[in-house]
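Since the structure comes first, as structure tokens, the remarks are kept for the end.
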Amino acid sequence: MLPKAIAAKRRLEEINSDATIEAHVMDATARNLEPLLSDVDILIDGTDNFDIRFIMNDLSVKHNIPWVFGACAGSYGMTKFFEPNEDPCLMCVMKFIPGEAMTCDSHGVIAPVIQQTSLMQTVHVLKWLIGKSDEIDRSISIYDIWEGNYQKFSMKKMKKESCKTCGSERAFPYLKSLQQTDIAVLCGRDTIQIRMKDRSFDLSHLEMKLTAYGKTKKNSFLLSFTEHQSGKRMAIFKDGRVLVHGTNDVEEAKAFYYEMME
Ligand SMILES: [Zn+2]
């Protein structure tokens, strides 16, 4: 019943009770993320898709905050440190990044490659935070943890003047379009996320309504609902997001959503 952000916060506080951790339970969109950026030293990519990475890339350049890219699928991973105005940005180098179409949905992912990716990101972050930015490796690291292959490529010369994010005419396309899809198939979780723009939910009100159709359970973050008849499950968040569990079929998820929520 706990959102990931809250579960992560609690776990991290167990590890280090001196740290102050602010968790945000929300859909990460350009609009939601931008207000959180004041007083931020570095951004770390813990995401699972390129839509959100392009938003991070735009935010990084616009607010002059470095970010550390990290991606993995199967046994294969990549990491890269991006410093605005020093390095080419993700948009500049994107066509040189292999395996974009690979996702953990289509290929699964093994735990060691996640650990490898996060440890390499962490080294970049440590160097940045202690002011050793000149010691940060600016190349992209690409590795296959199963095969034991490890490669590095310099991307220095790939900065493009015409880049819409970091070039001479910056438009930050991913901040403008707010193109986060309203419906997303979540990576490897047999779950569809549905988000209606500019909508939020009163969970107590919804709980009263949904009790007629099935079993509900609520805490201060979300309402979980299992329909009697079909056994289908939904998690409903205050900020307007709904996760429909047990399907990868968008139409089926939408039908269930409208039946129950409208
Ligand atoms: Zn660029």
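For the reader, a short list of remarks on this structure follows.
- Test: residue in segment 164-181 that is touching a strand residue (DSSP E or B) at 6+ places or on another chain (Cβ under 7 Å) and among the hydroxyl-bearing types (Ser, Thr, Tyr): no
- Once segment 143-166 is narrowed to residues that are among the hydrophobic types (A, V, I, L, M, F, W, C) and away from the ligand (no atom under 11 Å from the Cβ), the residue that is surrounded by the fewest Cβ atoms within 10 Å (Cβ to Cβ) is Trp146.
- Applying the condition of being assigned to a loop (DSSP other than H, G, I, E, B) and touching an Asp or Glu at 6+ places or on another chain (Cβ under 7 Å) to segment 160-175 and asking which residue is farthest from Thr29 (Cα to Cα) yields Ser168.
- Per the conditions (1) away from the ligand (no atom under 13 Å from the Cβ); (2) closer than 17 Å to Ala28 by Cα, the sole criterion not satisfied by Cys72 is (2).
- Matching strands (runs of 3 or more DSSP E) fully within segment 46-159 where at least 1 residues are in contact with a strand residue (DSSP E or B) (Cβ under 9 Å, 6 or more places away or on another chain) and closer than 27 Å to Ala5 by Cβ: 67-73, 76-82
- Boolean, Ser133 is over 23 Å from Asp48 (Cβ atoms), surrounded by fewer than 16 Cβ atoms within 10 Å (Cβ to Cβ), of a type in the set (Ser, Thr, Tyr) and away from the ligand (no atom under 16 Å from the Cβ): yes
- Among (1) among the charged types (D, E, K, R); (2) within 14 Å of the ligand (Cβ to nearest atom); (3) closer than 22 Å to Tyr174 by Cα, the one test that Asp51 misses: (2)
Values quoted throughout were computed directly from the atomic coordinates according to the rules given, and no laboratory measurement underlies them. Please read these numbers as outputs of a predicted model, since none were measured by experiment. Reconstructed Cβ throughout: ideal geometry from the backbone, glycine too, with neighbour counts over all protein chains shown.
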